[in-house]
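Okay, so here's the structure we're looking at.
The values are calculated or read from the model by the stated rules, or taken from the named source; none is laboratory data. For clarity, every value in this text was computed on a predicted model and none was experimentally measured. So basically every Cβ, Gly included, is an ideal-geometry build from the backbone, and we count neighbours across all protein chains shown.
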Amino acid sequence: MTFKAFSDYLLLERNYSKLTLKAYINDLKEFQGFIWSQFDTDNIDTVNYQQIRNWIVHLVESQITNRSINRKISSLNTYYKFLLKTKQITINPLAKHKALKVSKKVQVPFSETEMKEVIEELQSAKDYEGLRNRLIIELFYATGIRRIELVQLKLSDVDMSNKSLKVLGKRNKERIIPLIDSVIDTIKDYLDQRKSLETIVDHSYLFLTKKGVKIYETLVYRIINDYFSKVSTKVKRSPHILRHSFATHLLNQGANLNAVKELLGHSSLAATQVYTHNSIAELKKVYSNTHPRSKK
């Protein structure tokens with residue numbers, strides 16, 4: 001069986017990215033392969049909860065993390081909701097399913113000192129790659145955008161006169177993020193260097209490799225990891241940690257949680273609240289150091 005109607009629904013009605021769409025279909029095909037091997041059928045539309053439960057047990061025994069299992073089951077659940085909506089089934093076999101418990105991952109942001117050291121090191125960059133890498137890091141820290149959002153940025157997304165950046169987020173939701181003056185200056189310097197590239201293939205995209213093609217996600221990860229490995233001993237040094245640092249440092253300085261939510265492009269406050277634990281730690285430190293009754 002194919003999942004074309006479901007794919008079209010996710011792409012056209014739910015505005016899912018092609019990457020997310022691919023992950024959903026892969027999860028469905030994986031489950032389809034399982035029920036074929038165990039129950040001699042490849043029709044996942046007619047399964048019952050016990051069969052899905054057998055798959056969950058199989059995944060647990062295969063040492064797949066609970067977080068990953070929940071994601072796979074979420075793909076299935078979305079599919080069955082689609083079948084309900086289109087009246088292809090009358091009961092969602094996952095209607096009463098409860099997600100497996102997962103431990104909350106605490107992401108440790110870069111400190112303000114670490115951020116300052118990396119940005120200061122990049123101040124002397126004058127060649128194309130140096131200026132590009134400097135702008136990538138400054139944009140991450142000044143806007144909190146996601147890695148894929150940065151990769152997909154186009155020249156037309158930068159509004160120099162209004163000092164703002166248009167970002168296309170999850171489910172093709174647009175948001176406008178203000179840009180500080182120092183980032184505007186770096187953009188100008190970078191664009192001057194960009195003109196000097198011998199060949200430009202992907203003209204519309206903001207960030208290019210030296211060969212003039214659009215940068216890719218693994219390159220962005222490598223850039224962040226390379227620069228921050230010089231100043232930080234943290235195990236994880238990724239673009240997401242820069243996003244985390246952006247949110248945490250804003251909250252530490254008293255930013256409104258709703259404002260940070262809008263800047264990050266979150267659909268709910270619950271997603272933004274995962275960034276508050278460091279802010280609370282900072283408040284506790286200030287409280288401990290300043291309250292008259294505190295034991296310093």
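Among the helices (runs of 4 or more DSSP H) confined to the range 175-278, the ones with at least 3 residues that are assigned by TED's automatic domain parsing to the domain that holds E138, out of contact with any strand residue (DSSP E or B) (no Cβ under 7 Å at 6 or more places or on another chain) and within 20 Å of I136 (Cβ to Cβ) are located at 181-194, 217-228, 239-252. Give all pairs with beta carbons closer than 6 Å in which a residue from the range 72-94 that is surrounded by 16 or more Cβ atoms within 10 Å (Cβ to Cβ) meets a residue that is of a type in the set (D, E); count only pairs at least 6 apart in sequence or on separate chains. Sorted first by the residue in the range 72-94, then by its partner, the pairs are K72/D27; S75/D27. Check the range 116-129 and report whether any residue there is out of contact with any Cys (no Cβ under 6 Å at 6 or more places or on another chain), surrounded by 15 or more Cβ atoms within 10 Å (Cβ to Cβ) and under 26 Å from A259 (Cβ atoms). Yes, the range 116-129 contains at least one residue that is out of contact with any Cys (no Cβ under 6 Å at 6 or more places or on another chain), surrounded by 15 or more Cβ atoms within 10 Å (Cβ to Cβ) and under 26 Å from A259 (Cβ atoms). Checking each residue in the range 177-217 for being among the β-branched types (V, I, T) and under 23 Å from K166 (Cα atoms) picks out I177, I180, V183, I184, T186, I187, I200, V201, T209, V213, I215.
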